[in-house]
Protein chains: 2
Amino acid sequence: MSVTLKDIAKKVGKSVTTVSRALHDYDDVSPETKELVHRAAEDMGYTPNIIAQRLQKQRTDTIGFILPTFGPRFSDPFFSEFLAGIGNKAAKLGYDLLVSTHPPGEEELKTYRRKVQSYLVDGFIIVRTRRKDTRIEYLCQAGFPFVAFGRTEEACDFPYVDEDSEYGMRLLAHHLADLGHQRIAFLAAPEELMFAHFRLKGFEEGLADKGIQLDEKMVVFGDLTQRDGFRQATSLLDLPDPPTAIAACNDLMALGAISAAQKRGLIVGKDIAITGFDNIPLAEHSHPPLTTIHQPIYQIGDMVCEMLIKRINKEPLRSQSVLQKPTLVIRESCGEKYINPN
Amino acid sequence: MSVTLKDIAKKVGKSVTTVSRALHDYDDVSPETKELVHRAAEDMGYTPNIIAQRLQKQRTDTIGFILPTFGPRFSDPFFSEFLAGIGNKAAKLGYDLLVSTHPPGEEELKTYRRKVQSYLVDGFIIVRTRRKDTRIEYLCQAGFPFVAFGRTEEACDFPYVDEDSEYGMRLLAHHLADLGHQRIAFLAAPEELMFAHFRLKGFEEGLADKGIQLDEKMVVFGDLTQRDGFRQATSLLDLPDPPTAIAACNDLMALGAISAAQKRGLIVGKDIAITGFDNIPLAEHSHPPLTTIHQPIYQIGDMVCEMLIKRINKEPLRSQSVLQKPTLVIRESCGEKYINPN
DNA sequence: ATTGACTCCCAAAACGTTTTGGAATAGAAT
DNA sequence: ATTCTATTCCAAAACGTTTTGGGAGTCAAT
């Protein structure tokens, strides 16, 4: 089928060993032979069989990434951007990327285990960490290289990159409080997600800083989709004493909340303030443009990937973990100072 | 390091051959031996080394997908959904998915070639086909299995799934014309993309059906992002005689156009009609909700993946190519009948 | 006794590469 | 003549699996 080292060896009348070594530029091969071999390889259109190389070298130069998909209509812009970040970096460093899609749950761990045990990947990138994360538990205990985007409450320590969601949410809480809002709602996400936990916590603290206590009736939980943002925001607006500001746990839900408010005839940025978190590209172009917290997803993907590859190669990491300070992006969805109409 | 067939063989006192055959349930192994081997394998925590299997079997059970990324801030919800479609199907059929990210261009082809020649994947999924598509040319000529989402103008024939963009756009054109619009603009995409070509063509034809000629000053080109949709729509609205309807080549640009119109103080669905194409999840929740053409991206991914795997296994395809008839989703971005205010 | 059929097993080759541990030759130094 | 050093090469083992092509033993029919 395809041309192998053996074919080249036969053609140039040397051994397979010599051909291999010539191609790898070992210095126990004479310049003439090297020249000869290279030319033959070129002529015959040789490309190494990577599978064979991998078997021999006992490494795959591949990193694994398991996309947590939820149902068919899955499409968090977050992931395509993150994927682009790790994909481009991996390619640059000569690594392939093996992607699987898998809903979180029982089966998920098996997928990890299989890839680890049968040597399909050299390391993993973990995303959407959970407070108690069995994936991380497993990989830690197996001593398998991985880097996470996000922290966890597990005991083991491991390299990660994370954004300081707590800090970011505090920024937003302060912003809303400074605008004069008092009845503030929070559109939260499932608490088992580590980042959702931090965001809720940060928001509570931020309000507390300003002497406001987050009313627990004002906290509703959504599944991070726009659709659910719409639904949950609607239920908030249906309260007898509805909020004048809604902070959502992510941009997608905030966009849903904006639709919900507008459906009620409210003018977002005047009658009600709404904030997001992530600064996805859409946030800039929503109507009104969304005030949110910026998170450099592409760069984080890039960084996580680089850390993982260093770890695979046992190179020292500059730092075991990175906690980024996010920034507040003020657009128009909160408007000016809020004047209580009463 | 890890337990191999040899280890098991040693433990049970049989040959490696027998162990292998026992595990594969060959019937020239006695039931007792099978039992013995299976138990030992279980006990010792054996998992086959897939790399070795691949080398031996000369196939990888992996399919390749190269994501055409454009710059860092890349995030077409389209791709995450499509990826989920192929990923889930691949997993179900026991295939892995090797994903690369690569900007279209010179280098791109090398990435394909490398993966083909070094046996990294058994087949490819091609997406965003171009009128003249070197990837398809190459794979055709190399006789390598692939399935495309989209058609091309290349001579070779190959299996694909595509949506009838021409038909879909005609639907939209008719809809706008029926609403009474006369000055209609088209927010097109680079014509080298096959689907962009079809969409423009279909739109022109659709208007022609209604006796309207598409004015070439009313056709502007964008890069499919929301940001560019905003920019290009703004330039349309700046014309001395601006359009009363804008049809965008995809939803993302339509969303940008909505923002542009709203920034002008226009009420979308009353002062101006705007349409999209794709029906991404966001379209349902934009403000106003977007009238668009539905494209079942997840299912298409699923189908493409299944076709590819059949092709790899040389099973017959039910049909070499599938052309889906899309459907019109009428929401609120075109409003009711348009009354010319003059 | 020989043949045939059947059951259970295995040594060796193969997949394509890299690495190990020399071997062979030539020239220079002793 | 012998030893040493350099230079250039290669056979064989190794990575872990599957497949090929039998071998050995048993039992029954001839």
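The values are calculated or read from the model by the stated rules, or taken from the named source; none is laboratory data. What you see is a predicted model, and the numbers here were worked out from it, not measured in a lab. In this analysis, Cβ positions are derived from the backbone assuming ideal geometry, glycine residues included, and neighbour counts consider all displayed protein chains.
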**OP:** Taking A:PRO145 as meeting all but one of (1) loosely packed, with under 15 Cβ neighbours inside 10 Å; (2) over 17 Å from A:PHE277 (Cα atoms); (3) not basic (Lys, Arg), write down the number of the exception.
**Re:** (1)
Subject >> Qualifying positions in segment A:114-132 - of a type outside the set (A, V, I, L, M) and touching a helix residue (DSSP H, G or I) at 6+ places or on another chain (Cβ under 8 Å) >> reply: A:SER118, A:TYR119, A:ASP122, A:GLY123, A:PHE124, A:ARG128, A:THR129, A:ARG130, A:ARG131
**OP:** Check B:GLY105, B:GLY85 and return the single one that is in contact (Cβ under 8 Å) with a residue 12 or more places away in the chain, more than 8 Å from DNA strand D (Cβ to nearest atom) and among the small types (Gly, Ala, Ser).
**Re:** B:GLY85
Original post:
Residue check: is B:TYR95 more than 12 Å from every other protein chain (Cβ to nearest Cβ), buried (at least 21 other Cβ atoms within 10 Å of the Cβ) and more than 26 Å from A:ASP278 (Cβ to Cβ)?
Top reply: no
**OP:** For B:SER286, indicate whether it is at pLDDT below 95, crowded, with 24+ Cβ neighbours inside 10 Å and of a type in the set (S, T, N, Q).
**Re:** yes
Original post:
Taking segment B:272-308 only, how many residues are in a loop (DSSP other than H, G, I, E, B), within 21 Å of A:PRO289 (Cα to Cα) and more than 10 Å from chain A (Cβ to nearest Cβ)?
Top reply: 2
Original post:
Restricting attention to segment A:140-161, which residues are closer than 20 Å to A:THR62 by Cβ and over 18 Å from the mean Cα position of the chain (by Cα)?
Top reply: A:ALA142, A:GLY143, A:PHE144
**OP:** Just one of (1) more than 11 Å from DNA strand C (Cβ to nearest atom); (2) in contact (Cβ under 8 Å) with a residue 24 or more places away in the chain trips up A:TYR46, so point out which.
**Re:** (1)
Original post:
Based on what the data block shows, is A:ALA148 away from chain B (no Cβ under 11 Å), under 29 Å from B:THR47 (Cα atoms) and not in a loop (DSSP other than H, G, I, E, B)?
Top reply: yes
**OP:** Please work out which residue is nearest to the other protein chains (Cβ to nearest Cβ), limiting yourself to segment B:110-132 and to residues that are free of Cβ contacts under 8 Å to residues at least 40 places away in the same chain and surrounded by fewer than 16 Cβ atoms within 10 Å (Cβ to Cβ).
**Re:** B:ARG114
**OP:** Pairs only if they're at least six apart or on different chains, beta carbon under 8 angstrom, first in segment A:167-194 and under 18 Å from A:GLU332 (Cβ atoms), second of a type in the set (Phe, Trp, Tyr); list them, first residue then second.
**Re:** A:LEU172/A:PHE203; A:LEU172/A:PHE277; A:LEU179/A:TYR338; A:GLY180/A:TYR338; A:HIS181/A:TYR338
Original post:
Given the conditions (1) modelled with pLDDT under 95; (2) near DNA strand C (Cβ under 9 Å from one of its atoms); (3) touching a Leu at 6+ places or on another chain (Cβ under 8 Å), which single one is not true for B:ASP28?
Top reply: (3)
**OP:** Report yes if A:ILE330 is modelled with pLDDT of 95 or more and either closer than 30 Å to B:ALA261 by Cα or surrounded by fewer than 16 Cβ atoms within 10 Å (Cβ to Cβ) (or both), otherwise no.
**Re:** yes
Subject >> B:SER15 vs. criteria within 8 Å of chain A (Cβ to nearest Cβ) and polar (S, T, N, Q) >> reply: no
Original post:
List the pairs whose first member sits in segment B:6-35 and is closer than 15 Å to B:PRO48 by Cβ, whose second member is of a type in the set (Lys, Arg) and more than 8 Å from DNA strand C (Cβ to nearest atom), and whose Cβ atoms are under 6 Å apart, counting only residues at least 6 apart or on separate chains?
Top reply: B:VAL16/B:LYS6
**OP:** Just give me the residues in segment B:40-61 being at negative phi, more than 8 Å from chain A (Cβ to nearest Cβ) and either touching a His at 6+ places or on another chain (Cβ under 9 Å) or surrounded by 12 or more Cβ atoms within 10 Å (Cβ to Cβ) (or both), in sequence order.
**Re:** B:ALA40, B:ALA41, B:MET44, B:TYR46, B:GLN53, B:ARG59
**OP:** Could you check A:ARG311 against (1) basic (Lys, Arg); (2) assigned to a helix (DSSP H, G or I); (3) assigned by TED's automatic domain parsing to the domain that holds A:GLU204 and say which number it fails?
**Re:** (3)
